[in-house]
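J.: Next up is a structure, given as structure tokens.
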Amino acid sequence: VAAKNGLFIRKKMRWVDAVVKVRSEDLVDEKMSAQLLLPPLPASILAQSLKLAKVVFDVSKSEVCLLLHFHEATGYHLTVPLQEVDPGHVHYDASMHLPDMMCVGTIHSHGALRAYHSNTDFVDERFTDGVHITLGCLHRYPKFTMSAEMAVNGFRFPVDPSWFEGLKTLGDSYYLEDAVLESTEIPTSWLTAIDHRHYENKSNRPRRNRKSSGYAFMQTP
Ligand SMILES: [Zn+2]
């Protein structure tokens with residue numbers, strides 16, 4: 001038992017049921033680690049995310065966020081939660097869950113910026129266990145940059161690019177085969193979930209006086 005006042009062990013035996021402190025001299029060093037147990041991510045999932053990110057980028061240069069779900073029998077599913085987007089932020093409703101499915105992560109885009117996990121992302125993902133994927137450099141589409149990390153209890157671990165099926169490398173960028181992108185469609189319902197309200201169509205530029213908005217927290221898987 002890891003408690004605020006130290007480590008305890010519960011000894012439940014035939015003759016006693018006790019909770020006692022662990023003696024520090026009994027302990028050895030431990031190294032943090034995390035092994036991703038999910039099956040490889042199909043190229044179609046990344047392709048759908050990338051295409052949505054590109055569509056949203058073309059409309060208002062904005063970011064966008066998808067939730068990644070997993071079911072043992074049916075595999076991966078993406079949802080696009082209701083969200084307000086602009087070129088620097090995305091604020092989404094993380095309460096939209098799929099029955100019987102586990103939300104195992106997020107995929108969000110950074111527009112023309114490179115893919116990395118910003119301080120905002122770190123804060124948002126601090127208590128949100130899951131695989132968090134950032135897509136960037138969408139002005140270079142179909143090439144893009146990507147960063148993928150697991151967040152577990154506020155600690156972060158890299159996700160090996162080999163987890164992504166069909167992912168090709170070109171210099172510092174990634175791409176997917178044309179055939180994968182061409183056979184991938186985006187549900188129209190996804191687009192209706194995205195509100196570009198922070199974007200001024202007239203000037204083609206983001207409002208300067210917008211309020212910064214952070215992420216809502218998604219359900220911990
Ligand atoms: Zn971000």
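For (1) within 12 Å of the ligand (Cβ to nearest atom); (2) not hydrophobic (A, V, I, L, M, F, W, C), each residue gets a yes or a no:
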site	(1), (2)
Thr120	yes, yes
Asp124	yes, yes
Asp129	no, yes
Leu138	no, no
Phe144	no, no
Val152	no, no
Phe155	no, no
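J.: Same structure again: Look at region 174-187 and say how many of its residues are exposed (fewer than 11 other Cβ atoms within 10 Å of the Cβ) and under 18 Å from Leu68 (Cα atoms).
T.: 1
J.: While we're here: Restricting the search to region 82-136, which residues are among the hydrophobic types (A, V, I, L, M, F, W, C) and over 21 Å from Gln35 (Cα atoms)?
T.: Looking only at region 82-136, we keep the residues that are among the hydrophobic types (A, V, I, L, M, F, W, C), and these are 82, 85, 90, 94, 96, 98, 101-104, 107, 112-113, 115, 122-123, 127, 131, 133, 135.
Answer for region 82-136, where residues must be among the hydrophobic types (A, V, I, L, M, F, W, C) and over 21 Å from Gln35 (Cα atoms): Leu82, Val85, Val90, Ala94, Met96, Leu98, Ala112, Leu113, Ala115, Val123, Leu135.
J.: Within region 100-115, can you find the residues that are farther than 14 Å from Leu67 by Cβ and either away from the ligand (no atom under 14 Å from the Cβ) or at pLDDT below 85 (or both)?
T.: Initially, region 100-115 is screened for residues farther than 14 Å from Leu67 by Cβ, giving 100, 110-115.
Once the filter is applied, which keeps residues that are farther than 14 Å from Leu67 by Cβ and either away from the ligand (no atom under 14 Å from the Cβ) or at pLDDT below 85 (or both), region 100-115 yields only Asp100.
J.: Return yes or no: is Asp93 farther than 22 Å from Pro158 by Cβ, modelled with pLDDT under 95 and not aromatic (Phe, Trp, Tyr)?
T.: Numbers: farther than 22 Å from Pro158 by Cβ: yes; modelled with pLDDT under 95: yes; not aromatic (Phe, Trp, Tyr): yes.
It is true that Asp93 is farther than 22 Å from Pro158 by Cβ, modelled with pLDDT under 95 and not aromatic (Phe, Trp, Tyr).
J.: Only one of these conditions is not met by Phe57: (1) closer than 22 Å to Phe157 by Cα; (2) aromatic (Phe, Trp, Tyr); (3) touching a Ser or Thr at 6+ places or on another chain (Cβ under 9 Å). Which number is it?
T.: Of everything listed in (1) closer than 22 Å to Phe157 by Cα; (2) aromatic (Phe, Trp, Tyr); (3) touching a Ser or Thr at 6+ places or on another chain (Cβ under 9 Å), Phe57 misses just condition (1).
J.: When you look at Val85, is it touching a Lys or Arg at 6+ places or on another chain (Cβ under 9 Å), in a strand (DSSP E or B) and within 15 Å of the ligand (Cβ to nearest atom), yes or no?
T.: Numbers: touching a Lys or Arg at 6+ places or on another chain (Cβ under 9 Å): yes; in a strand (DSSP E or B): yes; within 15 Å of the ligand (Cβ to nearest atom): yes.
Here the answer is yes, as Val85 does meet what is asked.
J.: Taking Val59 as the residue in question, decide whether it is out of contact with any Cys (no Cβ under 8 Å at 6 or more places or on another chain), more than 16 Å from the ligand (Cβ to nearest atom) and farther than 27 Å from Leu113 by Cα. Break it down into steps so the answer makes sense when it comes.
T.: Numbers: out of contact with any Cys (no Cβ under 8 Å at 6 or more places or on another chain): yes; more than 16 Å from the ligand (Cβ to nearest atom): yes; farther than 27 Å from Leu113 by Cα: no.
Taking the combined requirement at face value, the residue does not satisfy it.
J.: Scan region 97-113 residue by residue and report those that are crowded, with 17+ Cβ neighbours inside 10 Å and part of a loop (DSSP other than H, G, I, E, B).
T.: Met101, His110, Gly111, Leu113
J.: Scan region 142-173 for residues that are hydroxyl-bearing (Ser, Thr, Tyr), crowded, with 17+ Cβ neighbours inside 10 Å and over 14 Å from the mean Cα position of the chain (by Cα) and jot them down. Please lay out each step first, then the result.
T.: In the first step, residues of region 142-173 are kept if they are hydroxyl-bearing (Ser, Thr, Tyr); the result is 145, 147, 162, 169, 173.
Among the residues that remain, those that are also crowded, with 17+ Cβ neighbours inside 10 Å are: 145, 147, 173.
The answer is Thr145, Ser173.
J.: Go through (1) within 20 Å of Val131 (Cβ to Cβ); (2) within 12 Å of the ligand (Cβ to nearest atom) one by one and return the number of the condition Val80 breaks.
T.: Failed condition: (2).
J.: Then there is this: With the condition kept exactly as written, say whether any residue in region 56-68 is aromatic (Phe, Trp, Tyr) and modelled with pLDDT under 95. Spell out how you get there, then give the answer.
T.: Start the filter on region 56-68 by keeping residues that are aromatic (Phe, Trp, Tyr), which leaves 57.
Those left that are additionally modelled with pLDDT under 95: none.
Looking through region 56-68, none of the residues is aromatic (Phe, Trp, Tyr) and modelled with pLDDT under 95.
J.: Looking at (1) farther than 14 Å from Leu50 by Cβ; (2) hydrophobic (A, V, I, L, M, F, W, C); (3) without any contact (Cβ under 8 Å) to a residue 60 or more places away in the chain, which one does Val104 not meet, given that it meets all the others?
T.: All conditions pass for Val104, except number (3).
J.: Give the residues of region 28-61 that are hydrophobic (A, V, I, L, M, F, W, C), in a loop (DSSP other than H, G, I, E, B) and touching a residue at least 12 places away in the same chain (Cβ under 8 Å), sorted by residue number. Reasoning before the result, please.
T.: Going through region 28-61, the residues hydrophobic (A, V, I, L, M, F, W, C) turn out to be 28, 32, 34, 36-38, 41, 43, 45-47, 50, 52-53, 55-57, 59.
Those left that are additionally in a loop (DSSP other than H, G, I, E, B): 28, 32, 34, 36-38.
Correct list: Met32, Ala34, Leu36, Leu38.
J.: If you go through region 62-85, how many residues are surrounded by 24 or more Cβ atoms within 10 Å (Cβ to Cβ) and among the charged types (D, E, K, R)?
T.: 1
The values are calculated or read from the model by the stated rules, or taken from the named source; none is laboratory data. Not measured: the values here are computed from a predicted model. Cβ coordinates were reconstructed from backbone atoms using ideal geometry, including for glycine residues, and neighbour counts include every protein chain displayed.
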